[in-house]
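Reviewing the structure listed below.
Values in this text are rule-based calculations from the coordinates and carry no lab data. Fair warning: this is a prediction, and the values are worked out from it, not measured in the lab. Backbone-built Cβ (ideal geometry, glycine too); neighbour counts: all protein chains shown.
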Amino acid sequence: MRAIISVSDKSGLADFIRPISGRFEEIYASSGSLKALSDAGIRASRISDLTGFDSLLGGRVKTLHPALYAGILSERDEKSNSELVKFGFMNFDMVVVNLYPFWEHSSGTDVSSMVENIDVGGVSLLRAAAKNFAHVASIVDRSDYGPVGEEIRETGKISEETRKRLAVRAFMETARYDSMIQGTLERVLMGRDSVTVPDLSRPVSLRYGENPDQRAILYPDGSGNGIPGSIKLGGKELSYNNIVDADSALDTIMEFEEPAAVIVKHATPCGVASSTTLKDSFVRALRGDPESAYGSVIAVNREVDRETAEEMSRLFVEVISAPGYSEESLGILRKKKNLRILKTSMIPDPRMRLRSISHGILAQSPLSSGFSGLDHVGGPEAHENLISDMEFAWKVVAHCRSNAVLLAKGGATIAIGGGQTSRVEALRIALRKAGTEAGGAVMASDGYLPFDDSIRIAAESGISAVIQPGGSIRDKDSIAAANELSIPMYFTHKRVFLH
């Protein structure tokens, strides 16, 4: 066998090649890879021995040469072999390539750095090897070093089944890589959002989907962020519904800088609170709707301490997501063997969100609750505490399923009416849940109030202030009702529907 090696990330390379180097007649490597092999005592030759040049144009051209591609793409028949002999070329059986780390430069604005980290030769080598999977193994992922090395040690070759699998992975990687470049340059050069192809190279099969008769697969993006990148510290494997709920909880908790807790059921918050301590935040979030919290998913934005874990352990919970856990808290939570305990990197994802529909895909930028400023439109001006509660309520209602109306007081949800076809019915549900606690609470609506009925019902229940987007053709009726009933009303001039 013969191999070509040109890797940007050298980690694990020597350990992969050393035990199987004796199985290869020749190994050719680019300069950086050759040094890594030579430093490990592994014999290899320069690719420049085949091409006649080490590099051109400051390293932009190193491996683009017929001596390599003819040997990779050869069909191994009489005609191909005679052509190789004519030009003094040779066949290759394995290509090991990983690509320039474009992703490390994709989040900034340095176009020059981005461009210089767009791999050309590596992608070309991978595509050639993957195209000719009938004869060539294309290795792009370090996780394949172990299995491929073991197969070569045991059989002296790489099986057709393995070559097929490696080819699919190589094409997945080049598709992801090209999509990342396209999306980044569209953002930087054209100033607009773009959809990028998700990383499909590491699928994780789930037990089933939303229901037991539905198949489900998770495709993590490889970033190590969000719920797909969480580290599971305890409990069963995540289900499809767990992942959806945990993602909803994560999106909501990232609205807050101060200690906060979010309790989610069926992809919508049922209790949220922000306070001076994590324990108090959780206790107050639970108080908002303890009935719905049974079998819920929880997210918090601080390390879980012993006191908070003790409170959480009293409730049946499916998943807890947090940036960290104290040893004492883990000891408490791990006593619940089925509880999924996730350590999650809470880094916002600014990319377009994809949603599949029959015969198509929808894409949109991420939901944001942010608005330019509160516009006081009716009733007396609200005092500082009410303003704070309205801003809190707005952050949360943005993550509740539409139509949604939310009641909050003192930095905690009192009751939420969500997922209704009628906005006034959403309000009635929230008020029914809140009972006497509605008195003094603020009310947030994720869409405009189309009639003055919601204002009048709120006033009857003792609601102290209202925050809503505004924008109805009947806004004047709601404003008149707020003035008549002396309820402070503020517009955000921004709708936050969530379907």
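Kindly provide log₁₀ I(q)/I(0) values, in the same order as q = 0.10, 0.13, 0.15, 0.20 Å⁻¹, from the Debye equation applied to equal alpha-carbon scatterers of the range 2-190.
The Debye formula, applied to the Cα set alone, gives -0.41, -0.69, -0.91, -1.48.
So which GluC sites (Glu not before Pro) in the range 211-309 pass both tests, a DSSP loop state and at most 11 other Cβ atoms within 10 Å of the Cβ?
Loop-located and lightly packed - GLU237, GLU257, GLU291.
Identify the residues of the range 343-362 with backbone N under 14 Å of a label point that sits 7 angstrom from the Cα of SER223 along the Cα-to-Cβ direction, or state none.
The answer is 345-354.
I'd like to know which of ILE467, HIS105, SER205 lies farthest towards the positive end of the charge dipole of the chain, counting +1 on Cβ of Lys and Arg and -1 on Cβ of Asp and Glu.
SER205
Can you give the calculated 222 nm mean residue ellipticity of the chain, where each DSSP H run of n ≥ 4 adds -39,500 (n - 2.57) and the sum is split over every residue, rounded to the nearest 500 deg cm²/dmol?
Computed ellipticity for the chain at 222 nm equals -10500 deg cm²/dmol.
What is the magnitude of the charge dipole of the chain about its Cα centre, with +1 placed on the Cβ of each Lys and Arg, -1 on the Cβ of each Asp and Glu, and no other charges, expressed in debye to the nearest 20?
Charge dipole, the chain, about its Cα centre: 1100 debye, nearest 20.
Using the Karplus equation 6.51 cos²θ - 1.76 cosθ + 1.60 (θ = phi - 60°), what ³J(HN,Hα) coupling, rounded to whole Hz, does each residue of the range 253-270 give in order, writing x for Gly and Pro?
3J(HN,Hα) across the range 253-270, in whole Hz: 5, 6, 6, 10, 9, 7, x, 8, 9, 10, 10, 10, 9, 6, 6, 9, x, 10.
Sorted from largest down, what three extents in whole angstroms do the Cα atoms of the range 227-343 have along their principal axes?
So the extents along the principal axes, rounded to whole Å, are 30, 29, 26.
Evaluate the distance, in nm, between pseudo-label points positioned 7 Å from the Cα of SER38 and of LYS337 along their respective Cα→Cβ axes.
In this crude spin-label approximation the distance works out to 5.7 nm.
With a cut-off of 15 Å, note down the residues of the range 457-478 whose backbone N falls inside the zone around a label point 7 Å from the Cα of HIS376 toward its beta carbon.
Under 15 Å, as judged by backbone N against the label point of HIS376, lie 465-467 of the range 457-478.
What are the ³J(HN,Hα) couplings of the range 411-426, residue after residue, when phi is run through the Karplus curve with 6.51, -1.76, 1.60 and θ = phi - 60°? Round to Hz, x for glycine and proline.
x, 8, 6, 9, 6, 10, x, x, x, 9, 7, 10, 5, 5, 5, 4
Determine the sum of side-chain charges near MET346: Lys and Arg each +1, Asp and Glu each -1, restricted to other residues whose C-beta is under 13 angstrom from that of MET346.
Every neighbour counted, the sum reads -4.
Would you please give the residues with an amide H less than 5 Å from that of ILE414, counting only those at least 5 places away or on a separate chain, with H modeled from the backbone geometry?
Long-range HN contacts for ILE414: LEU407, ALA408, LYS409.
Over the range 227-343, what is the mean sequence separation of C-alpha contacts under 8 Å (at least six apart), divided by residue count, expressed as relative contact order in percent?
Computed over the range 227-343, the figure is 29 percent.
For the range 90-163, what's the relative contact order in percent, using C-alpha pairs closer than 8 Å and at least 6 residues apart?
Reported as a whole number, the value is 35 percent.
Fewest first, what order do ARG163, ARG215, ARG302, ARG287 take by the number of other Cβ atoms within 10 Å?
Placing the least packed residue first, the sequence is ARG215, ARG287, ARG302, ARG163.
What list do you get for ASP475, ASP49, ASP305 if you sort them by fewest beta carbons within 10 Å?
By the 10 Å Cβ count, ascending: ASP49, ASP305, ASP475.
How big is the gap, in Å, between the Cα center of the range 249-305 and the Cα center of the range 422-499?
Between the Cα centres of the range 249-305 and the range 422-499 lies a distance of 24 Å.
Under a crude label model (7 Å from the Cα following the beta-carbon direction), how far is GLU237 from ASP77 in nanometres?
Here the modelled spin labels are 4.4 nm apart.
Amide H of ALA137: which non-local residues (sequence gap of 5 or more, or other chain) have their own amide H closer than 5 Å, using H built in the peptide plane?
MET94, VAL95
Just to verify a number: FRET efficiency for MET352 and HIS493, C-beta to C-beta distance, R0 = 22 Å, to 0.05?
With a Förster radius of 22 Å, E is 0.40.
Cα axis of helix 121-131 to longest principal axis of the chain: angle in degrees, 0 to 90, nearest 10?
80 degrees
Which value results when the Cα radius of gyration for the range 342-499 is divided by 2.2 N^0.38 Å?
Output field value: 1.07.
State the antiparallel share, in %, of DSSP beta bridges confined to the chain, rounding to the nearest 5.
Percent antiparallel among DSSP bridges in the chain is about 55.
Using the alpha carbon gyration tensor of the chain, what are the three equivalent-ellipsoid semi-axes (square root of 5 times each eigenvalue), largest first, in whole Å?
57, 25, 19
Aspartates and glutamates near LYS335 by alpha-carbon distance under 18 Å, same-chain residues fewer than 8 away left out - which ones?
GLU237, ASP305, GLU307, GLU310, GLU311, GLU318, GLU327
What net charge do the residues around GLY226 carry, taking every other residue with its C-beta under 9 Å from that of GLY226, with Lys and Arg at +1 and Asp and Glu at -1?
-3
Among ASN225, LEU57, SER33, which residue has its Cα positioned farthest towards the positive end of the charge dipole of the chain, with +1 placed on the Cβ of Lys and Arg, -1 on the Cβ of Asp and Glu, and the dipole taken about the Cα centre?
Farthest along the dipole direction, towards plus: SER33.
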